[in-house]
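Encoded as structure tokens, the structure appears first; notes follow it.
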Amino acid sequence: MWSSLRALFAYPFMVNAFRAGTIVAIVSAAMGWFMVLRRQSFAGHTLSLVGFPGAAGAILLGLSSTLGYFAFCVGAAVIIGTAPRPATRANYRDESAVIGSVQAMALAMGFLFVSLYHGNLNGLTSLLFGSFLGITSGQVIALLVIAAGALIALGLIARPVLFASVDPEIAAAAGVPVRVLGIGFIVLLGVAVAETSQITGSLLVFALLVLPPATAHVITGRPLLGIAISVVIALVVTWVSLVIAYYTPYPTGAFITTLSFGTYVAARTVRWASDRSRSRGAAVVPGAAS
């Protein structure tokens, strides 16, 4: 068994796949934890879809798909970030309308660009579902540089973003630039999505962006521990999926999504059972005392 696993790293394409997978898993898990906390999963989903028309449009113009990913994801992030934020956490109507409009327009543009491009349709599959296998060393270095910059920027604004996410009204009263931080974070999220989409594709980036962080939120409410758990889950899921995909004819993204979802369901089940056990215990104690 161990010899078979060691054999994986004898191939440069698998080494690069593990390196790229590690990078995107860390960035997605860290950004995603704040995204889930801020209740911006819909925004993250829209940004992941926006990468599709960006890459398709860039290919149509004869440009690098990477340029299209970043141009559209960051541009959409700016639009979403400047949308009216709700005065209270209970009302997200205006923001949701803007995000939904951006998503609908992006999907329409994406399929228009694909229709205008008369090349090989295999490119469409790659844009939507990505490919871990075939990543070059140069792409890994580029991913690492962008990821490091995004994580450093997130670290610099993490504390005020956390404060503004938990209680935006009190944070604003305390002088925290809530709106500026919101725009800054959503732009960083756009960068993370654009980076990850190049590997996972536009449709599967959301699996790493929301499922490991959501699972971490179920397990604990402590920020540092939650981020660490989110990163660990994303890394394990990505690594295991790469190993399974190597020995099967099925795509890596399918295993990443399935394992991430299974982990989330397991965490939810354990949490439900634990809460049910506590509620039963609390109900028994008063009766025993009487």
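The values are calculated or read from the model by the stated rules, or taken from the named source; none is laboratory data. Since this is a predicted model, take the numbers as computed values, not measurements. So basically every Cβ, Gly included, is an ideal-geometry build from the backbone, and we count neighbours across all protein chains shown.
Worth pointing out:
- Counted residues, segment 51-63 - those being within 12 Å of Ala194 (Cβ to Cβ) and either free of Cβ contacts under 8 Å to residues at least 12 places away in the same chain or surrounded by fewer than 24 Cβ atoms within 10 Å (Cβ to Cβ) (or both): 1
- Here Ser202 meets each of (1) in contact with a Gly (Cβ under 9 Å, 6 or more places away or on another chain); (2) crowded, with 20+ Cβ neighbours inside 10 Å; (3) assigned to a helix (DSSP H, G or I) with one exception, condition (3).
- Evaluated against (1) modelled with pLDDT under 90; (2) under 28 Å from Leu224 (Cβ atoms), Pro53 falls short on exactly one condition, (2).
- Picking from residues in segment 41-50 that are of a type in the set (A, V, I, L, M) and either within 13 Å of the chain's Cα centre (by Cα) or at pLDDT 90 or above (or both), the one that is farthest from Val210 (Cα to Cα) is Leu49.
Listed here are the residues, each with its yes/no results for (1) surrounded by 15 or more Cβ atoms within 10 Å (Cβ to Cβ); (2) out of contact with any Leu (no Cβ under 9 Å at 6 or more places or on another chain); (3) closer than 13 Å to Trp33 by Cα; (4) among the hydrophobic types (A, V, I, L, M, F, W, C).
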{"position": "Ala150", "(1), (2), (3), (4)": "yes, no, no, yes"}
{"position": "Ile157", "(1), (2), (3), (4)": "yes, no, no, yes"}
{"position": "Ala173", "(1), (2), (3), (4)": "no, yes, no, yes"}
{"position": "Pro177", "(1), (2), (3), (4)": "no, yes, no, no"}
{"position": "Val191", "(1), (2), (3), (4)": "yes, yes, no, yes"}
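- Neighbours by Cβ (under 6 Å, 6+ apart or cross-chain): first from segment 22-50, closer than 16 Å to Ala77 by Cα; second assigned to a loop (DSSP other than H, G, I, E, B): Ser48/Ser202; Leu49/Ser202
- Long-range neighbours under 7 Å by Cβ, at least six apart or interchain, first residue more than 15 Å from His45 (Cβ to Cβ) and modelled with pLDDT of 85 or more within segment 67-84, second among the polar types (S, T, N, Q) and in a helix (DSSP H, G or I): Tyr69/Ser197; Tyr69/Gln198
- Test: residue in segment 17-40 that is more than 30 Å from Leu225 (Cβ to Cβ), modelled with pLDDT of 85 or more and either under 12 Å from the mean Cα position of the chain (by Cα) or surrounded by fewer than 24 Cβ atoms within 10 Å (Cβ to Cβ) (or both): no
- The set of residues from segment 117-142 being in a helix (DSSP H, G or I) and modelled with pLDDT of 80 or more comprises Ser137, Gly138, Gln139, Val140, Ile141, Ala142.
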